Amino acid sequence: ASVPGVLATSFTTTLPFAGTSQVSTIDEHYFEMMGMPILKGRTFDGSDRTNDGGLVVINESLAAGIGADPLGRRFVMGDDGELLTVIGIVPDHLYETLGGTAEPIFYLSSHQEDRAYGFLMVQGVANPLDLAPAIRRVIGDLDPTLPVVGMSTITQRIQNFLSGPRFQAATIGGFSIMGVVIALLGVYAVLSFIVSQRRHEMGIRLAIGAHRGAVFRQVAAHGVMLVLTGLAIGTVGAIGVTRVLDSLLFQISTRIQRL
């Protein structure tokens, strides 16, 4: 935190988009850095130690599953029968995907739980990757044997995560444009065929006094019927694929909602 250009630091064992984890070990700065307010109770303050007993912060999903006021409730977790006491509740946070629902999560204090790995989160005044040499140097001074596997920004993690959905969206968009073009060509081809089949009839009608506008309206009516039929079939098909589209959209609906 004393490195020039660093605004804040934090420690965690679970990063956003790093997969589902029902247990996350964090330090006392994690919730503030992630913008997660305390809904009830308190969080870790840095003075919690192993001899204080097991303390745990839970998210809203886990609190809702408990039902009654969970503050002060005690839980047994793990095969070793570790006894944990709930001291606070924080909002849900998505760790696996941008969509879907949040999973129940226990947050443990890094001062009470030893881990063989972890993520050092650094918030900088500019691009955090510019601080990489200084960060590696400080970690090396603290423990030369501690390996730093790699560094990336949250923005990079989001972009990597979205690469798949973006490719799917581009593919669907490309096929949609092709479908529109094919539909327009199909309507044109059908109308041309109808006109060619009824050319003699139209000529006779014009010869006995029919107005050109009436003939044109008749042809246009066929085109409108084709378009309406296509729209009806397309609407039914669109309703059928709504669930597929829902899986590609994050926290928005495919249905129009009144505000």
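The values are calculated or read from the model by the stated rules, or taken from the named source; none is laboratory data. This structure is a prediction, so every number in the text was calculated from the model and none was measured. Cβ sites come from the backbone with ideal geometry, for glycine too, and all protein chains shown count toward neighbours. Surface areas here come from the heavy atoms of the whole protein model, side chains and all, with no ligands, DNA or RNA. Shrake-Rupley method; radii C 1.70, N 1.55, O 1.52, S 1.80 Å.
State to the nearest 20 debye the size of the charge dipole of segment 111-183 about its Cα centre, where the only charges are +1 on K and R beta carbons and -1 on D and E beta carbons. Walk me through the numbers on the way to the answer.
Numbers: 5 positive and 5 negative charges, 63 e Å.
Here the size comes out at about 300 debye.
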* Structure fact -> Charge dipole of segment 101-169 built from unit charges on the beta carbon (Lys, Arg +1; Asp, Glu -1), centred at mean Cα; most positive-end Cα among 122, 112, 162 is 162
* **Per-residue SASA entry for residue 61, accessible area with 1.4 Å probe, Å² rounded to 10** => 30 Å²
